[in-house]
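> My questions all concern the structure below.
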Amino acid sequence: MNIFLLEVRNLRRSALTGALSISGVIIVLLAFFPAMQSESMQALAGAKLEGIDEAVLQAVGLSVMFDFSVITNFFGYAIQYVTLAIMVLIVQRAVALLIKEETDGTIEYLCAKPVSRDDIMLQKLLAHLVLVVCTMAVYAVVTVASYLAVSDFTFSQAVKEVSIIFGAMLFVALVFSAIGVLASTLIKSSRGVAGVTVGLVFGTFVLGILSVVIPKLDFLLWLSPMDWVKTEKLMSEGILVQEWIVGFAVIVCGIGAAWLRYRKKDLLI
């Protein structure tokens, strides 16, 4: 387990920084919720939206005007953009997971040790998974505490709602991670991590927008995990069976392909 512990130690600072930053954003967002309950604020929001083109409203998820005095609607709308930031942080670590040591030249040191490539990949994947679960747990705890501070939710109600939101988000994070790890075995340098990360996360987000704005492209929704976890849908339908199937297929195929690629890859560059 030396590689696992080393990987956790190497990544913990960036994971902690990301967790604190996102937690701060969640706290600030929910701190605005009491102001949204006033009639004047709701009237102002409605007036501002009336002059915006319908296609634009659909693209940003406001084709139906939500009652933002309800915390589920308010946080549910805001969290979709926070989710983008969360996925960028997670995918960035996933894409760098296997390529970073090749770029830094430390892979030769690992290969000189009595450890197989399977062990290297397994322990790195476990370290990534542990950090993803831990950061999601931090976000969930912070959100529950904020719910209790700014709304009349009971503890059990807050936990139930937040568990649905961040449980679904964890699933999507694993889907993105699988693709990111596969990309980590394909790119030639860690200098390409940022480009791959932005392209993957924002590319799928744009596909989701296109599926809403252009009816003929509605099939693209299956290629946009970000749309699977929109709060309004989660609270009414949850993650659909088809989405579970697509997600698990991507996870299994992504990790499987990455494993095969990593076994055959020339690491001593």
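> When you look at Phe66, is it surrounded by 14 or more Cβ atoms within 10 Å (Cβ to Cβ), of a type in the set (Phe, Trp, Tyr) and modelled with pLDDT under 80, yes or no?
Spelling it out, Phe66 is indeed surrounded by 14 or more Cβ atoms within 10 Å (Cβ to Cβ), of a type in the set (Phe, Trp, Tyr) and modelled with pLDDT under 80.
Yes or no, residue by residue, for (1) within 14 Å of the chain's Cα centre (by Cα); (2) acidic (Asp, Glu); (3) under 23 Å from Val132 (Cα atoms):
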position	(1), (2), (3)
Val193	no, no, yes
Thr197	yes, no, yes
Leu207	no, no, no
Val213	no, no, no
Lys216	no, no, no
Trp228	yes, no, yes
Ser236	no, no, no
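> Here's a follow-up. For the stretch 164-262, which fully contained helices (runs of 4 or more DSSP H) count at least 3 residues that are among the polar types (S, T, N, Q) and open to solvent by less than 70 Å² (accessible area, probe 1.4 Å)?
Values: elements: 193-213, 225-228, 231-236.
Correct list: 193-213.
> Residue check, Gly208 against (1) closer than 21 Å to Val91 by Cα; (2) touching a residue at least 60 places away in the same chain (Cβ under 8 Å), all met but one. Which one?
Of everything listed in (1) closer than 21 Å to Val91 by Cα; (2) touching a residue at least 60 places away in the same chain (Cβ under 8 Å), Gly208 misses just condition (2).
> Also, quick follow-up: Is it the case, given these coordinates, that Glu243 is touching a helix residue (DSSP H, G or I) at 6+ places or on another chain (Cβ under 7 Å), of a type outside the set (Phe, Trp, Tyr) and at pLDDT 85 or above?
So Glu243 fits the description; yes.
> Which number in (1) open to solvent by 50 Å² or more (accessible area, probe 1.4 Å); (2) modelled with pLDDT of 70 or more; (3) more than 22 Å from the chain's Cα centre (by Cα) marks the one condition that Met36 misses?
Every condition holds for Met36 apart from (1).
> Also: Out of curiosity, is Phe153 outside any helix (DSSP H, G or I), touching a residue at least 40 places away in the same chain (Cβ under 8 Å) and either among the small types (Gly, Ala, Ser) or within 26 Å of Tyr77 (Cα to Cα) (or both)?
Yes: the conditions hold for Phe153.
The values are calculated or read from the model by the stated rules, or taken from the named source; none is laboratory data. These figures come from a predicted structure and were not determined experimentally. Using ideal geometry, Cβ is built from the backbone for each residue, glycine included, and neighbour counts are taken over all protein chains shown. Only protein heavy atoms, including side chains, enter the accessible area calculation; ligands, DNA and RNA are left aside. Shrake-Rupley method; radii C 1.70, N 1.55, O 1.52, S 1.80 Å.
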